[in-house]
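Structure record follows, encoded as structure tokens.
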Amino acid sequence: MKKMKKLLAMTMALTMVLTMTACGGSDSSNSSSNSNTAAGSGTNTESTESKFLPGGGSNIAYIITPATSNAFFATESDVGAAKAKELGYEVKTVSHDDDASKQLEAVEAAISDKAAFIVLDNAGADASIEAIQAAYDAGIPCFLIDREINQSGLAVAQIVADNAQGAAAIAEVWVESMNYEGKYAELLGLESDTNCQVRSDNFHSVIDQYPDLEMVAQQSANWDQTEAYEKTESILESNPEITGIICGNDTMACGVAAACEDAGRSDIKIIGLDGSDDAGALIKAGKMIGTALQQCALFTEMAVEQADYYINHDGETLDGVGEKQLVPCVAITADNVDNLSKFVYTEE
């Protein structure tokens with residue numbers, strides 16, 4: 001993890017940790033303040049006064065994520081568990097499958113186990129508040145990763161990728177690959193997920209500056225590869241003139257790339273967002289233009305380290321960081337894809 005430590009130090013220096021709203025809910029700004037998947041806070045209408053949450057008294061750390069069949073969430077689970085074990089904790093990993101009731105059950109299990117802390121990639125900006133409130137009331141601190149909730153003060157930290165910055169950065173690469181003109185389609189993620197709108201808004205903050213780029217189709221594929229394949233088949237049949245498809249995550253982009261290949265459409269310029277190894281392989285093969293890496297391995301390690309520091313220093317925060325923390329995304333293209341592996345980008 002030495003490379004990760006180096007990346008952590010660099011990113012903490014770059015991260016705007018004290019304020020952020022741009023990756024939230026309906027905020028369409030492309031400025032940076034923050035599943036495969038969705039972080040973002042909408043306008044926070046409520047705030048809970050912060051207090052020290054000492055944990056339940058056991059040495060158990062809970063890492064709760066969406067489905068680990070998705071490599072992004074599997075990375076969060078694996079990295080979080082490894083870091084917590086390294087710091088001396090017994091670890092329990094749980095998947096909520098983006099189901100708020102399953103998430104509540106997992107948090108209730110953590111409360112029953114008197115968990116020291118919870119690291120959580122949550123199941124929705126509003127739907128997760130009940131579970132996090134339950135942990136708060138039990139004195140167990142939650143450290144959120146990847147997705148924010150629409151309330152401040154319940155979680156000790158909300159550490160997320162700067163989706164606004166990442167979407168805009170990879171959109172810049174894509175418009176250049178399109179030569180600033182042509183018709184295109186967009187595949188959205190799960191529309192109840194705050195990151196879905198954040199990513200789309202910030203793709204368009206760049207693309208819409210070019211009047212010769214025209215979107216002729218926009219559909220949700222719910223972050224799913226199979227659904228993206230099927231939607232792409234339909235879009236290509238109805239709009240054979242398109243030369244580009246932008247995707248809210250890499251899982252959908254992989255489905256798009258497969259559908260385009262099967263249709264004999266090697267001319268379609270495709271981008272995604274996540275920074276998966278699957279997307280990296282497609283970029284190397286010339287089947288995708290690029291992706292934006294969300295540094296999920298890094299921000300998960302940050303959450304565990306901050307949790308450990310917090311409970312062992314009576315509520316002090318590591319390096320004085322605030323609740324809302326942004327981790328920059330990295331635009332990945334054919335020029336730098338060799339530096340990407342397992343959601344970690346390493347400068348050589």
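Structure data summary
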| read-out | value |
| --- | --- |
| Residues satisfying the stated conditions in region 278-315, i.e. more than 20 Å from residue 60 (Cα to Cα) and out of contact with any strand residue (DSSP E or B) (no Cβ under 9 Å at 6 or more places or on another chain) | 278, 281, 284, 285, 286 |
| Residues of region 209-244 satisfying the condition of being surrounded by 13 or more Cβ atoms within 10 Å (Cβ to Cβ), at pLDDT 95 or above and in a loop (DSSP other than H, G, I, E, B) | 210, 221, 239, 242, 243 |
| Answer from 320, 315 - the residue that is within 30 Å of residue 136 (Cα to Cα) and at pLDDT below 95 | 320 |
| Tally, over region 245-296, of residues that are part of a helix (DSSP H, G or I), hydrophobic (A, V, I, L, M, F, W, C) and touching an Asp or Glu at 6+ places or on another chain (Cβ under 8 Å) | 5 |
| Out of 333, 251, sole residue that is touching a Gly at 6+ places or on another chain (Cβ under 6 Å), open to solvent by 20 Å² or more (accessible area, probe 1.4 Å) and either closer than 25 Å to residue 83 by Cα or hydroxyl-bearing (Ser, Thr, Tyr) (or both) | 333 |
| Filter result (in contact with a Ser or Thr (Cβ under 7 Å, 6 or more places away or on another chain), within 14 Å of residue 144 (Cα to Cα) and of a type in the set (A, V, I, L, M, F, W, C)) within region 272-310 | 296, 297, 298 |
| Residues within region 80-94 that are surrounded by fewer than 19 Cβ atoms within 10 Å (Cβ to Cβ), in contact with a helix residue (DSSP H, G or I) (Cβ under 9 Å, 6 or more places away or on another chain) and of a type in the set (Lys, Arg), tallied | 1 |
| Residue in region 125-144 that is under 24 Å from residue 328 (Cα atoms), modelled with pLDDT under 95 and not hydroxyl-bearing (Ser, Thr, Tyr) present | yes |
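Let's see how each residue does on (1) part of a loop (DSSP other than H, G, I, E, B); (2) in contact with a strand residue (DSSP E or B) (Cβ under 8 Å, 6 or more places away or on another chain); (3) under 30 Å from residue 206 (Cα atoms):
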residue: 111; (1), (2), (3): no, no, no
residue: 115; (1), (2), (3): yes, yes, no
residue: 123; (1), (2), (3): yes, no, yes
residue: 126; (1), (2), (3): yes, no, yes
residue: 144; (1), (2), (3): no, yes, yes
residue: 159; (1), (2), (3): no, yes, yes
residue: 175; (1), (2), (3): no, yes, yes
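One line per residue, one yes/no per condition, for (1) under 19 Å from the mean Cα position of the chain (by Cα); (2) aliphatic (A, V, I, L, M):
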{"position": "236", "(1), (2)": "no, yes"}
{"position": "239", "(1), (2)": "no, no"}
{"position": "252", "(1), (2)": "yes, yes"}
{"position": "269", "(1), (2)": "no, no"}
{"position": "301", "(1), (2)": "yes, no"}
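The values are calculated or read from the model by the stated rules, or taken from the named source; none is laboratory data. Because the structure is a prediction, the values reported are computed rather than measured. With ideal geometry, Cβ positions are generated from the backbone for all residues, glycine too; neighbour counts draw on all protein chains shown. For accessibility, only protein heavy atoms count, side chains too; no ligands or nucleic acids. Shrake-Rupley method; radii C 1.70, N 1.55, O 1.52, S 1.80 Å.
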